[in-house]
Amino acid sequence: QVQLVESGGGLVQAGDSLRLSCAASGRTFSRYAMGWFRQAPGKEREFVADVTWTGDMTSYQDSVKGRFTISRDNAKNTLYLQMDSLRPEDTAVYYCAASRQYGSPWTRDYDYWGQGTQVTVSS
């Protein structure tokens, strides 16, 4: 089992940067592909980015390509999301999640979830 705890959210202005972290417990972190999702008020939870077990491959939602970077440090059991050039439409609760398969944008394919961290971008 994997327990996930996100941190790093906050209130920023448009154009600013934030780095989210997701700390994982347990010794099996490196066996899971990891993803970031987000959920804005009144909207469905949506895929943002994911990364393979080793960190050698990543994929992104089109709206964040070139602005967000997902990475992981398996030695520290930590997943990251570097968010640059933030926009008001990036405002949401951001969740990290663990999956046994890489490349799925669907929440149903993720086995473990964190509690979320709020990101608010003002214009």
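The values are calculated or read from the model by the stated rules, or taken from the named source; none is laboratory data. Because the structure is predicted, anything quoted here is derived from the model rather than measured. Virtual Cβ from ideal backbone geometry, glycine too; neighbours counted across all protein chains shown. With ligands, DNA and RNA removed, areas are computed over all heavy atoms of the protein, side chains included. Shrake-Rupley method; radii C 1.70, N 1.55, O 1.52, S 1.80 Å.
Heavy-atom accessible surface of CYS96, to the nearest 10 Å², is about 0 Å², with a 1.4 Å probe and all protein chains retained. Accessible-area rank, largest first, for ARG19, ARG108: ARG108, ARG19, with all protein chains present and a 1.4 angstrom probe. On the chain, 45 percent of the accessible area sits on carbon and sulfur atoms, based on a 1.4 Å probe.
Per residue, the solvent-accessible area of the chain (1.4 Å probe, heavy atoms of protein chains only, all protein chains present) comes to 52 Å².
Distance between the 7 Å Cα→Cβ label points at ARG31 and SER17: 3.5 nm. Sites listed here are trypsin sites (Lys or Arg not before Pro) in segment 52-94 whose DSSP assignment is loop and whose Cβ has at most 13 other Cβ atoms within 10 Å: LYS65, LYS76.
PRE reach from THR54 (point 7 Å along Cα→Cβ): which of segment 1-41 fall under 20 Å by backbone N? Label zone hits: 28-35.
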